[in-house]
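Have a look at the structure below before the remarks.
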Amino acid sequence: MSAPSTPRDTVARRERLAEELRSYGAGFTELGRRFAAEIGVHSTDAFALLEITSAEAQGTPLSPALLGSRIPLTSGAMTALINRLERAGYLTRTREHADRRVVTLRGTPLARERAEAFFAPVNARQDAVLSAYPPALLQQFETVLRQLRSTMDARPRRQVGQA
(Lines give C-alpha, C1' and ligand atoms only; values in the text may rest on other atoms or scores of the structure.)
Protein backbone atom coordinates (compact mmCIF):
# COMPACT_ATOMS: atom_id res chain seq x y z
CA MET A 1 0.00 0.00 0.00
CA SER A 2 1.42 3.39 -0.95
CA ALA A 3 1.61 6.42 1.29
CA PRO A 4 -1.13 9.01 0.84
CA SER A 5 -0.32 11.89 -1.50
CA THR A 6 0.50 15.25 -0.04
CA PRO A 7 -0.77 18.46 -1.67
CA ARG A 8 2.78 19.04 -2.95
CA ASP A 9 2.82 15.57 -4.54
CA THR A 10 -0.51 16.26 -6.23
CA VAL A 11 0.71 19.60 -7.61
CA ALA A 12 3.90 18.01 -8.93
CA ARG A 13 1.94 15.17 -10.52
CA ARG A 14 -0.51 17.62 -12.13
CA GLU A 15 2.39 19.66 -13.53
CA ARG A 16 4.12 16.57 -14.96
CA LEU A 17 0.90 15.31 -16.48
CA ALA A 18 0.06 18.76 -17.87
CA GLU A 19 3.49 18.95 -19.50
CA GLU A 20 3.04 15.55 -21.14
CA LEU A 21 -0.46 16.51 -22.32
CA ARG A 22 0.87 19.81 -23.74
CA SER A 23 3.62 17.91 -25.52
CA TYR A 24 1.11 15.39 -26.90
CA GLY A 25 -1.14 18.26 -28.01
CA ALA A 26 1.76 19.97 -29.76
CA GLY A 27 2.60 16.73 -31.53
CA PHE A 28 -1.03 16.25 -32.54
CA THR A 29 -1.18 19.82 -33.82
CA GLU A 30 1.97 19.31 -35.88
CA LEU A 31 0.58 16.06 -37.26
CA GLY A 32 -2.63 17.89 -38.21
CA ARG A 33 -0.60 20.63 -39.89
CA ARG A 34 1.28 18.03 -41.94
CA PHE A 35 -2.01 16.33 -42.86
CA ALA A 36 -3.38 19.70 -44.00
CA ALA A 37 -0.32 20.23 -46.21
CA GLU A 38 -0.66 16.69 -47.56
CA ILE A 39 -4.27 17.22 -48.66
CA GLY A 40 -3.78 20.85 -49.71
CA VAL A 41 -5.97 22.70 -47.21
CA HIS A 42 -5.46 25.12 -44.32
CA SER A 43 -4.80 23.48 -40.95
CA THR A 44 -8.12 24.76 -39.54
CA ASP A 45 -9.91 23.11 -42.47
CA ALA A 46 -8.05 19.85 -41.85
CA PHE A 47 -8.94 19.84 -38.15
CA ALA A 48 -12.58 20.53 -39.06
CA LEU A 49 -12.50 17.65 -41.53
CA LEU A 50 -11.08 15.37 -38.81
CA GLU A 51 -13.88 16.45 -36.44
CA ILE A 52 -16.48 15.73 -39.14
CA THR A 53 -15.13 12.30 -40.08
CA SER A 54 -14.50 11.29 -36.45
CA ALA A 55 -18.05 12.21 -35.43
CA GLU A 56 -19.41 10.39 -38.46
CA ALA A 57 -17.37 7.26 -37.61
CA GLN A 58 -18.86 7.36 -34.10
CA GLY A 59 -22.36 7.45 -35.59
CA THR A 60 -23.05 11.06 -34.63
CA PRO A 61 -22.50 13.17 -37.74
CA LEU A 62 -22.21 16.91 -37.23
CA SER A 63 -24.26 19.84 -38.41
CA PRO A 64 -22.48 23.11 -39.13
CA ALA A 65 -23.63 24.39 -35.72
CA LEU A 66 -22.21 21.36 -33.90
CA LEU A 67 -18.98 21.70 -35.84
CA GLY A 68 -18.92 25.33 -34.71
CA SER A 69 -19.00 24.19 -31.08
CA ARG A 70 -15.82 22.18 -31.73
CA ILE A 71 -14.00 24.61 -34.03
CA PRO A 72 -14.60 28.13 -32.74
CA LEU A 73 -15.21 30.29 -35.82
CA THR A 74 -17.79 32.90 -36.71
CA SER A 75 -20.73 31.59 -38.72
CA GLY A 76 -19.37 33.34 -41.83
CA ALA A 77 -15.92 31.80 -41.40
CA MET A 78 -17.50 28.39 -40.77
CA THR A 79 -19.54 28.68 -43.98
CA ALA A 80 -16.39 29.60 -45.92
CA LEU A 81 -14.52 26.62 -44.37
CA ILE A 82 -17.33 24.22 -45.30
CA ASN A 83 -17.46 25.66 -48.82
CA ARG A 84 -13.68 25.16 -49.24
CA LEU A 85 -13.84 21.54 -48.04
CA GLU A 86 -16.79 20.86 -50.33
CA ARG A 87 -15.02 22.41 -53.36
CA ALA A 88 -11.91 20.33 -52.57
CA GLY A 89 -14.04 17.16 -52.70
CA TYR A 90 -13.63 16.29 -49.01
CA LEU A 91 -17.10 17.10 -47.72
CA THR A 92 -20.76 16.83 -48.66
CA ARG A 93 -23.77 18.49 -47.10
CA THR A 94 -26.90 16.38 -46.86
CA ARG A 95 -30.42 16.88 -45.57
CA GLU A 96 -31.20 13.65 -43.76
CA HIS A 97 -33.50 14.81 -40.97
CA ALA A 98 -37.27 15.14 -40.95
CA ASP A 99 -36.61 18.86 -40.55
CA ARG A 100 -35.14 19.54 -43.99
CA ARG A 101 -33.51 22.74 -42.73
CA VAL A 102 -31.00 20.65 -40.76
CA VAL A 103 -27.80 20.09 -42.73
CA THR A 104 -25.55 17.11 -41.98
CA LEU A 105 -21.86 17.24 -42.83
CA ARG A 106 -20.27 14.07 -44.16
CA GLY A 107 -16.75 13.29 -45.24
CA THR A 108 -16.38 11.91 -48.75
CA PRO A 109 -14.71 8.61 -49.60
CA LEU A 110 -11.73 10.67 -50.83
CA ALA A 111 -11.42 12.35 -47.43
CA ARG A 112 -11.56 9.01 -45.62
CA GLU A 113 -8.99 7.46 -48.00
CA ARG A 114 -6.55 10.36 -47.60
CA ALA A 115 -6.95 10.40 -43.80
CA GLU A 116 -6.54 6.63 -43.52
CA ALA A 117 -3.40 6.65 -45.67
CA PHE A 118 -1.89 9.51 -43.67
CA PHE A 119 -2.83 8.45 -40.14
CA ALA A 120 -2.57 4.63 -40.43
CA PRO A 121 1.14 4.46 -39.46
CA VAL A 122 0.65 6.73 -36.41
CA ASN A 123 -2.50 4.87 -35.38
CA ALA A 124 -0.64 1.54 -35.61
CA ARG A 125 2.18 2.86 -33.40
CA GLN A 126 -0.28 4.24 -30.86
CA ASP A 127 -2.25 0.98 -30.89
CA ALA A 128 0.99 -0.88 -30.12
CA VAL A 129 1.63 1.36 -27.11
CA LEU A 130 -1.94 1.08 -25.82
CA SER A 131 -2.05 -2.70 -26.25
CA ALA A 132 0.68 -2.99 -23.61
CA TYR A 133 -1.71 -1.71 -20.92
CA PRO A 134 -4.65 -3.50 -19.32
CA PRO A 135 -8.07 -2.30 -20.52
CA ALA A 136 -9.09 -1.36 -16.97
CA LEU A 137 -6.11 1.00 -16.66
CA LEU A 138 -6.88 2.61 -20.02
CA GLN A 139 -10.49 3.09 -18.90
CA GLN A 140 -9.25 4.82 -15.76
CA PHE A 141 -7.00 7.03 -17.88
CA GLU A 142 -9.95 7.96 -20.13
CA THR A 143 -11.94 8.86 -17.02
CA VAL A 144 -9.11 10.99 -15.63
CA LEU A 145 -8.72 12.83 -18.95
CA ARG A 146 -12.49 13.43 -19.17
CA GLN A 147 -12.56 14.77 -15.62
CA LEU A 148 -9.51 16.99 -16.18
CA ARG A 149 -11.07 18.37 -19.37
CA SER A 150 -14.28 19.17 -17.48
CA THR A 151 -12.30 21.35 -15.05
CA MET A 152 -11.45 23.62 -17.97
CA ASP A 153 -15.05 23.95 -19.18
CA ALA A 154 -16.15 26.14 -16.29
CA ARG A 155 -15.24 29.81 -16.44
CA PRO A 156 -13.00 30.91 -13.58
CA ARG A 157 -14.69 33.02 -10.95
CA ARG A 158 -13.38 36.52 -10.48
CA GLN A 159 -11.92 37.32 -7.11
CA VAL A 160 -13.39 40.32 -5.29
CA GLY A 161 -11.41 43.40 -6.31
CA GLN A 162 -10.17 41.91 -9.62
CA ALA A 163 -10.81 43.73 -12.87
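The values are calculated or read from the model by the stated rules, or taken from the named source; none is laboratory data. On a predicted model such as this, the values are computed, not experimentally measured, just so you know. Every residue, glycine among them, receives a Cβ derived from its backbone with ideal geometry; neighbour counts consider all protein chains shown. These area figures cover heavy atoms from the full protein model, side chains too; ligands, DNA and RNA do not enter into them. Shrake-Rupley method; radii C 1.70, N 1.55, O 1.52, S 1.80 Å.
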Determine the distance separating the Cα centre of segment 1-69 from the Cα centre of segment 120-141; give it in Å without decimals. 16 Å
For the chain, find the longest principal axis of its Cα atoms and tell me its angle to the long axis of helix 7-39, 0 to 90°, nearest 10. 20 degrees
Tell me, what is the FRET efficiency for R93 and T29 to the nearest 0.05, using R0 = 25 angstrom and their Cβ-Cβ distance as r? 0.40
Surface per residue (accessible, 1.4 Å probe) for segment 92-141, Å²: 73 Å²
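Evaluate the charge dipole of segment 1-125 about its Cα centre and quote only its size in Debye, nearest 20, assuming +1 on the Cβ of each Lys and Arg and -1 on the Cβ of each Asp and Glu.
Roughly 160 debye for segment 1-125.
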For the chain, give the percent of accessible area contributed by carbon and sulfur heavy atoms, probe 1.4 Å, rounded to a whole number. 57 percent
When every protein chain stays in place and a 1.4 Å probe is rolled, F118, F28, F35 sorted by accessible area with the largest first are F28, F118, F35
For N83 and M152, what is the calculated FRET efficiency with R₀ set at 30 Å and r taken between the beta-carbons, to the nearest 0.05? 0.45
Taking only Cα atoms, what is the 0 to 90° angle, nearest 10, from helix 43-57's long axis to the longest principal axis of the chain? 90 degrees
Please work out how much length the chain gains when fully extended from A37 to Q140, using 0.36 nm per residue of separation minus the C-alpha to C-alpha distance, in nm with one decimal. 33.6 nm
